[in-house]
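Inspection log for the structure reproduced underneath, given as structure tokens.
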Amino acid sequence: MPELSSVFSLVNYAFVLFFGIVAALYFADIGFCDHKRVYVLTLFFFGIAQLLFYLIMGESVLYKCYPFLIHLPLILLIFLRFHRNLSISVISVLSAYLLCTPRKWFGTFVAFFFDRNPVVSNIASIIITIPLLVLVIRFVSPYIIRLKYESRTTLLLFFLLPLVYYVLEYTFTVYTDLLYTGGAVVIDFMDSFLVVSFFILSVLSLKFSSEKNKAERENILLTTAATQAQKEISQLSAFQQQAAIYRHDLRHHMNFIQSCLDQNNPKEAASYIREICTSLEHSSVIRYCVNESVNLIVSSYANQAAANHIPMQISITATEFSRFQITDLCSLFANALENALHACQRMNPQSQRYIALKVYEKNAQLCIQIKNSYEQPVVFADDIPISRSVNHGIGVQSMISVVEKYHGVYGFFADHGEFRFQASM
């Protein structure tokens, strides 16, 4: 029986080596298909070294020398041969070591039902090796590989936790037996380590998630701002082109009016002058407020509403816009007015369509209220209007991001055919 136990113990070491090397290489983004020769040679030479050490020095010494015999050379191989970042190299090997723990636990668990027979433990560990390795390669390695694109903080986190576990494991179970004989002190330390690690991971995960959400919101704002800038440029270009046309035709207009006066036809001259004035008024940017950028956006959508025969009431009494970035104001007003315009355009032309914009100041806060009619049902999720159409709904997210950026409050309401957006910031 001792001979059989030694044989299965040796075979189990071979499977441990196979599992650890393959997992570590995959974690370092060194796939088998592209590096078959490296896999074969690495497994062969590491296997020979482990076998000789096992036969000459014994299992106990091999277990204690494993970090210097296998782990450190494997880290250097990944770092020097494949030119991976040193942090990635260490993380790959330590992560592979961590994932050897489940196979060991499975063997111990099965052996528990057979009077803790070491042969049964080794056999169970051997059997679970390949299925566990397949799961690790398929579901874990893609995420470890992505670490090379992460920040130093993330790499440090994934470096320190496996390293601490590695040190504690060898300190308490390999070089000493404190985990089994140290009593309550060691057990409480391990519990504390797990609890502290959990909270560190939780806090950092929340921090990273918050930073990611902030970056996504800023990206939405930048995208929307760029879109609005294009609209502003287009609108200004249209005004500039129209002005150029009028300047070009001014001489012809003057000649025609002079001709009417020479022929003693003042009525026709007056009618022609009124027609020119009306055309100029329609193409002008009406001043609704002191802020030129907001003026331009509001005027642009007012012209679009007029072109679609949608009555639009505008009241802007607020005068203090200096604490807001122009891109944020343009994004907020443009998205809100665009959504209102689209809702009215989808209505029956014979329906009572309207848009009303009111901007005022109250208690040192900028208050915005936009109302519009609608016919199609508005779908809400968590009190936010949503759209299931492709590439729609970004405007609402951008509006929310702007209001939240200035620590404001907002609300969306829809009842009796009227949609309202209200914000204070």
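The values are calculated or read from the model by the stated rules, or taken from the named source; none is laboratory data. Small disclaimer: the values here were computed from a predicted structure and weren't measured. Please note: Cβ atoms are built from the backbone with ideal geometry, for glycine as well, and neighbour counts cover all protein chains shown.
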**OP:** Go through the residues of the range 296-319 one by one and say whether even a single one is touching a residue at least 60 places away in the same chain (Cβ under 8 Å), surrounded by fewer than 17 Cβ atoms within 10 Å (Cβ to Cβ) and closer than 18 Å to Met399 by Cβ.
**Re:** no
Subject >> Matching residues, the range 32-66, being surrounded by 14 or more Cβ atoms within 10 Å (Cβ to Cβ), within 38 Å of the chain's Cα centre (by Cα) and assigned to a helix (DSSP H, G or I) >> reply: Val38, Tyr39
Original post:
When the range 115-149 is examined, which residues are found to be exposed (fewer than 12 other Cβ atoms within 10 Å of the Cβ) and assigned to a loop (DSSP other than H, G, I, E, B)?
Top reply: Asp115, Arg116
Original post:
Would it be correct to say that Leu74 is in the same structural domain as Tyr149 (by TED's automatic domain parsing), more than 30 Å from Thr153 (Cα to Cα) and either at pLDDT 95 or above or in a helix (DSSP H, G or I) (or both)?
Top reply: no
